[in-house]
1. Of Phe138, Phe100, Phe116, which residue is of a type in the set (A, V, I, L, M, F, W, C), in contact with a Leu (Cβ under 7 Å, 6 or more places away or on another chain) and either closer than 21 Å to Asp16 by Cα or surrounded by 11 or more Cβ atoms within 10 Å (Cβ to Cβ) (or both)?
2. May I ask you to verify whether Ala39 is at pLDDT below 80 and under 31 Å from the mean Cα position of the chain (by Cα)?
3. Restricting to the stretch 156-184, name every residue that is exposed (fewer than 12 other Cβ atoms within 10 Å of the Cβ) and over 26 Å from Leu214 (Cα atoms).
4. From the list Glu153, Glu198, which residue is modelled with pLDDT under 75, surrounded by 11 or more Cβ atoms within 10 Å (Cβ to Cβ) and over 30 Å from Ser89 (Cβ atoms)?
5. Among the numbered criteria (1) loosely packed, with under 10 Cβ neighbours inside 10 Å; (2) at pLDDT 85 or above, which one does Phe84 miss?
6. Could you list, in sequence order, all residues of the stretch 161-179 that are in a helix (DSSP H, G or I) and either among the aromatic types (Phe, Trp, Tyr) or on the phi > 0 side of the Ramachandran plot (or both)?
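The values are calculated or read from the model by the stated rules, or taken from the named source; none is laboratory data. Being a predicted model, the structure only gives us computed values, none of them experimental. Heads up, the Cβs are rebuilt from the backbone with ideal geometry, glycines too, and the neighbour counts pull from every protein chain shown.
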Amino acid sequence: MGKNNSHKSALKNAHDAPFILAIPLIFLGFGSIFIGYLAKDMMIGLGTHFWANSLFVLPNNSLLVESEYIPQFIKMLPVFITIFGAMISYLINLGGNELFVYSLKTSAVGQKMYTFLNKRCLFDKIYNNFIGTPSLKFGYHISFKAIDKGIVEMFGPYGIIYAFQHFFVNIKKLQTGFIYHYALFMLVGLSGLIGFTELYGFLSTWIDHRLYFLQLLAIFFLADSK
């Protein structure tokens, strides 16, 4: 009983904000009314020349014409719903029985209705669970980790540097100190140079010659870093 009495006293002491806090809302209300009236040509759509040709819409995609010829009842439906909601709110909070209002607010149905309406029809939960969270997971796991940190780096600068480092480490292992090994490497290198010179005219159509200069620079810096 003590808990019920405390809830009832809390409902009796419930009141609207004082007038000093309502003054800014009054100015905002008047501002929204008059600004909406003065700037109605920006949003009225068909029949106004405010935007002129700055927003061009193809005739095939012009749906504003159809929206102007819907039934008048459909156009006035938001006004009717607003007035109906205001009347229901007044009857429940001010014109109704306090015991009925208290029973409604503390019942399971009333609490579910309050939660549903307070959470804006749970649109935020739907957006977070089905749009926001999957988008964040895609951006981190797929776009960042798999593509940026994975494919782009492995096949991009990091992968090229890593491959060249291991390539030159393996090349150094070929230095055995035997003259016939050096003679073989010189023969292979000279044959490759002659073959590249003969095929340069054919390769130049497929490979940009500026890449050779970049390759020489990469070899120089890698050798200098060692």
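1. Phe116
2. On the way: at pLDDT below 80: yes; under 31 Å from the mean Cα position of the chain (by Cα): yes.
It is true that Ala39 is at pLDDT below 80 and under 31 Å from the mean Cα position of the chain (by Cα).
3. Matches in the stretch 156-184: Thr176, Gly177, Phe178, Ile179, Tyr180, Ala183.
4. Glu153
5. Going through the list (1) loosely packed, with under 10 Cβ neighbours inside 10 Å; (2) at pLDDT 85 or above, Phe84 breaks only (1).
6. Tyr162, Phe164, Phe167, Phe168, listed by residue number.
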